[in-house]
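The values are calculated or read from the model by the stated rules, or taken from the named source; none is laboratory data. Keep in mind it's a predicted model, so treat the numbers as computed, not measured. Note that we place each Cβ from the backbone using ideal geometry, even for glycine, and neighbour counts take in every protein chain shown. We work out accessible area using only protein heavy atoms, side chains counted, and drop any ligands, DNA or RNA first. Shrake-Rupley method; radii C 1.70, N 1.55, O 1.52, S 1.80 Å.
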Amino acid sequence: MALCGVCSTPNLQVYTNSSIGFKRNRSLWQPTSSFRAKSVKFHCSASLKPSSSNVEEIDEDVQNSPSVLSVEDESAHVKQFKWSDFKILDRVSIGHGGRADELVFEALVQVPNSPLFNQGVVLRKLNTTRAQRRGRRAIEVFKKLVRRRLLYHSYSMQVHGYISNTLSDDPYSFTLVHGCHGSFSIRHWLQQSDWLPTLEATLALDEESFRRVGDDTTGGPAVSRQLRLIRILMRDLLIGVNYLHSHGLAHTELRLENVHISPVDRHIKVGILGNAADFNGDGTSTSSAYSTMDRGQMMIAFDMRCVGFMMAKMVLQELMDPLIFAKLKSFLAKGNDPSSLREFFVTTLNTNSESGNIGVQILDRNWGAGWHLLSSLIATRPSKRISCLDALKHPFLCGPRWRVAPSMDIIRWGLGSTAVKISEEYIYRMPQRQRLAHFIGLMEMLNPCPKPKCWLELLPGKWRLLYSTGKHIGLTLRQPSTRALIGNVHLTVTQTSEAANNTSLSFTSDIGFTAITSEDWPHNKTGATGKLQTLSQFRLVAGKRLYLKEEKKNIGKFSMGEPDAEEGLAEKLETEKWKKVVPFKEFPSSLPVAKLVSGEIEVTMNMNDRIESPGNVIGEVRKQIPPEMFDLSKLVCGTYIDSRLLVLRCVNGSALLFTRSSLDHKSM
């Protein structure tokens, strides 16, 4: 696809990061010894006699922007061209579309003795002061990185030089000459209907390409092919970004439209680096929320967040829709933890989309490793975001041939993701129930937050009930007089006071249901909707959970498989593999927990439509939900919590597994 003529595509979109509050200002452009303040002569000529206002404006920019390139200071690696050195083509590829203050040309070099002779290049004419500053900054960055030209040329658009202006030209324009790396940016690739096979053919992917990401297979279903391709692209992108960070530079403009894939060397090009910022200078963040982070850490965290958004769009094609991407930004801006992104996407994305939620399947693979990497890249706190080197060692980006030693955090994440996947299958026969009890027991052994202080930080919020190890009663084998269809069951926890030593919490159980009033079961499952709400007050104190081994034989018949799971758990922890992970050598007799001391309980029910026997409806709802969600006083302790999952134990020993939900679930 081509754009006729030599016009540019206006792009006025400015990328902001509300959670960091990072702004690019003049203080980021530190002076360097390689540029002199004589660059005013490059802008102005006495014969042109520009107005005094223009001279003052340019002189101010020169003084405040040491990135200005001087003609006398030209490096041997940056060539000065003339317009007559090029043959301008009559088309411009859509992937090279510039901003509103740029004119983009594609041309062929016509200098016989030049190594670029007859090669295609891009001429980017920069018409405003800000645009010219970007172009000169790109040349300055090229000079700084020229000592490692191989890596620079592999992961960045090659800057060849600039076009000098004659007296007849516009003295205030500046034209940058850089390499032409393919016709499409990654955004344009993803917008193609057949982008996967076309991109595979363009990159000429073979077995050797897949071995570089730890995979020795080719072909397969679309999910496997897309996963292998994303691994290749993400690893290349992270290597390029890490190359910049290791040289004291932050990209600050990582977006899909700024990144190209070269079919020649099959590497990702991270742009011309016109907005790259140095962060090796002195100075710390001025934001009170991140006062402990220096400017370099803030800039690196900003780049990693941009990489996270790029990964999300590459995996989840639905995010290419600006409306859905705006929902994601709104979800994060409201203070929701990125670890609950799966809960957000499952409820937000269209399950009947053409892609069939291939992206969700990709992120679910390898025990949900993709969700872990994505949440680590766009973590709310900049200090918690993963670095490029750690991301390159993440299991999601490493194929099955590479043995990666996962961290304890990833092990916990994998156990929780497996438990969530099993619970979503809604097959609760004895093998599934034993596996779920087994994984919940392992999670409790590896609880990262045993102290009540940590629980007070993580527990407040909205949690959705996934599974109960207690008794399950459904509608399949019963013919009740009043039928009720259970919807979402939420547990909302709020602190009663913001005082530092306050341990009082308010628990609210919300049970949504639909009462079927007609004699026949409707196909669309419509009926009278209602909500059952229970409110109770709790105090959070430190406690211990005891494991009574001598009672296993007596209660085994009535425990719904849980004692057997505990026995298997003890055997699992004795293996060599788990001995390296668990913090104790043998099965413990007790574990620290957060004890819940309940107070008064208040129960209310709201119905949107009138029904004849509300008492029967309440009775049917109570049969189908765990009794602890109706009588919150039966919750005795919390045994596991992290930013995503919660496990509460009840008075009868059963466990309730929750996942963190959105703070504003109705708006989605």
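Of LEU323, LEU349, LEU377, all but one fail to be out of contact with any Cys (no Cβ under 7 Å at 6 or more places or on another chain) and closer than 24 Å to ASP303 by Cβ; the exception is LEU377.
Listed here are the helices (runs of 4 or more DSSP H) enclosed by region 345-426 that have at least 1 residues being at pLDDT 85 or above and under 21 Å from LYS327 (Cβ atoms): 358-377.
For the structure I just gave you, tell me whether ARG610 is among the basic types (Lys, Arg) and within 21 Å of ILE486 (Cα to Cα). Answer is yes for this residue.
On the given criteria, is GLY619 within 26 Å of PRO460 (Cβ to Cβ) and open to solvent by less than 50 Å² (accessible area, probe 1.4 Å)?
Working: within 26 Å of PRO460 (Cβ to Cβ): no; open to solvent by less than 50 Å² (accessible area, probe 1.4 Å): yes.
Judged against the criteria, GLY619 is not a match.
If you check LEU229, LEU205, which single one turns out to be open to solvent by 10 Å² or more (accessible area, probe 1.4 Å) and either farther than 30 Å from GLY296 by Cβ or assigned to a loop (DSSP other than H, G, I, E, B) (or both)?
Details: LEU229 fails: open to solvent by 10 Å² or more (accessible area, probe 1.4 Å).
Of LEU229, LEU205, the one residue that is open to solvent by 10 Å² or more (accessible area, probe 1.4 Å) and either farther than 30 Å from GLY296 by Cβ or assigned to a loop (DSSP other than H, G, I, E, B) (or both) is LEU205.
The set of residues from region 628-637 being part of a helix (DSSP H, G or I), open to solvent by 10 Å² or more (accessible area, probe 1.4 Å) and either in contact (Cβ under 8 Å) with a residue 24 or more places away in the chain or of a type in the set (Val, Ile, Thr) (or both) comprises PHE630, SER633. Quick one: would you say SER509 is touching a residue at least 12 places away in the same chain (Cβ under 8 Å), of a type in the set (Ser, Thr, Tyr) and part of a helix (DSSP H, G or I)? So SER509 does not fit the description; no. Against the numbered list (1) free of Cβ contacts under 8 Å to residues at least 24 places away in the same chain; (2) in a helix (DSSP H, G or I); (3) crowded, with 16+ Cβ neighbours inside 10 Å, SER330 comes up short only at (3).
With the requirement that a residue be among the hydrophobic types (A, V, I, L, M, F, W, C) and either free of Cβ contacts under 8 Å to residues at least 24 places away in the same chain or not in a loop (DSSP other than H, G, I, E, B) (or both), what does region 458-473 give you? Give the derivation first.
Keep residues of region 458-473 that are among the hydrophobic types (A, V, I, L, M, F, W, C), which gives 458-459, 463, 465-466, 473.
LEU458, TRP463, LEU465, LEU466 - these are the residues of region 458-473 that are among the hydrophobic types (A, V, I, L, M, F, W, C) and either free of Cβ contacts under 8 Å to residues at least 24 places away in the same chain or not in a loop (DSSP other than H, G, I, E, B) (or both).
Given the condition open to solvent by less than 60 Å² (accessible area, probe 1.4 Å), among the basic types (Lys, Arg) and outside any loop (DSSP other than H, G, I, E, B), answer yes or no: does some residue in region 448-457 qualify? Within region 448-457, none of the residues are open to solvent by less than 60 Å² (accessible area, probe 1.4 Å), among the basic types (Lys, Arg) and outside any loop (DSSP other than H, G, I, E, B). Cβ separations smaller than 6 Å between residues 6+ apart or across chains give the following pairs from region 597-609 residues that are over 23 Å from LEU505 (Cβ atoms) and in contact (Cβ under 8 Å) with a residue 24 or more places away in the chain to residues that are hydroxyl-bearing (Ser, Thr, Tyr) and part of a strand (DSSP E or B): ASN608/THR529.
So if I check each of SER468, SER423, which one is closer than 24 Å to GLY543 by Cα and among the small types (Gly, Ala, Ser)?
After ruling out the rest, the residue left standing is SER468.
Return the only residue of THR496, THR492, THR514, THR482 being among the hydroxyl-bearing types (Ser, Thr, Tyr), within 30 Å of HIS438 (Cα to Cα) and open to solvent by 10 Å² or more (accessible area, probe 1.4 Å).
Details: THR496 fails: within 30 Å of HIS438 (Cα to Cα); THR514 fails: within 30 Å of HIS438 (Cα to Cα); THR482 fails: within 30 Å of HIS438 (Cα to Cα).
Only one candidate passes the filter, namely THR492.
Residues that are open to solvent by 40 Å² or more (accessible area, probe 1.4 Å) and of a type in the set (A, V, I, L, M) were ranked within region 241-293; the one that is modelled with the highest pLDDT is VAL264.
Looking across region 190-216, the residues that are farther than 13 Å from ILE230 by Cα and hydrophobic (A, V, I, L, M, F, W, C) come down to ALA201, ALA204.
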